[in-house]
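Trainee: Structure in structure tokens, see below.
Every number here is computed from the coordinates shown, using simple stated rules; none is lab data. This structure is a prediction, so every number in the text was calculated from the model and none was measured. Cβ atoms come from the backbone with ideal geometry, glycine included; neighbour counts cover every protein chain shown.
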Amino acid sequence: MPALDTYAVRGVEGPAYKVGPRCSMPFCSRLAEHAHHIVRRSQLAGDYAWIEVEGLVLPNLAGLCVAHHDEITGSVGGHKAAVRLIEGKWWWCRLSPSASPLPVSALDPQPPTPEELAPQAAGHTQESDTCPFCGQARRRRPLPRAGGRRRRKSWTIQVPDDLAEDGAELLDVLIDDLALVIGVEPNATGRYYVVLPTLYLAVQNKQAFVENLQGAGG
């Protein structure tokens with residue numbers, strides 16, 4: 001499964017960077033022992049840590065543990081996962097022979113961007129630094145803390161609760177079932193990563209989704 005929906009991609013030179021220390025597959029806490037090339041070296045005709053897609057420079061290395069690297073390369077049990085670009089971020093996706101790739105969650109941690117590496121490459125302490133790619137001055141932004149916890153908030157939904165239907169129980173059963181397929185722990189945080197890709201897949205396939213709801217998509 002290619003990482004991009006276009007072949008208009010080329011390898012470009014840029015500053016070296018390290019991946020890890022933790023596996024980028026969401027919910028995995030193992031060490032990143034492999035630096036995975038998101039776009040294959042054979043496609044780029046070289047070992048590039050950066051790629052350019054339609055004028056946009058993107059990182060091409062993601063840290064993965066051995067097990068999750070095998071899921072992407074297919075060396076054990078066939079291809080089970082892929083890293084795909086979605087709205088400017090690299091996402092971990094589950095693969096199925098009978099369906100489109102199912103986005104699970106954005107890689108965590110994400111590979112560094114040129115803007116994040118610019119202050120390190122320039123080695124300056126003033127308010128702006130020079131981007132190592134385009135040479136333009138950029139205002140410094142604080143770098144995200146490696147492995148830092150993301151802020152959370154609750155999002156509630158009202159469900160039926162009467163003799164005819166127990167909405168909470170129905171949702172629990174469906175989410176628990178999908179969580180096993182996706183490989184997510186169905187706790188308070190993990191449920192988000194079940195609901196989000198499910199809704200995303202429905203949005204990406206609106207017509208088929210509506211037809212199935214109406215009993216005509218069969």
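Trainee: Note down the nm distance, to one decimal, between modelled labels 7 Å out along Cα→Cβ at Leu170 and at Val203.
Mentor: It is 2.3 nm.
Trainee: Same structure again: Treat the count of other C-beta atoms within 10 Å as a stand-in for reagent exposure and order Lys89, Lys206 from fewest to most. Walk me through the numbers before you get to the answer.
Mentor: Numbers: Lys89 14, Lys206 9.
Ranked by crowding around the Cβ, least crowded first: Lys206, Lys89.
Trainee: Turning to a different aspect of this structure: What are the residues whose amide H is under 5 Å from the amide H of Trp50, where those residues sit 5 or more places off or on another chain and H is modelled from the backbone?
Mentor: Under 5 Å from the amide H of Trp50 lie the amide H atoms of Val12, Asn60, each far enough along the sequence or on another chain.
Trainee: Report the FRET efficiency, 1/(1 + (r/R0)^6), for Arg41 and Ile86, where r is their Cβ-Cβ distance and R0 is 22 Å, rounded to 0.05. Present the calculation step by step, with values, prior to reporting the outcome.
Mentor: Details: r = 23 Å, r/R0 = 1.03.
So, using R0 = 22 Å, E works out to roughly 0.45.
Trainee: Cα centroids of region 3-81 and region 166-192: how far apart, whole angstrom?
Mentor: 29
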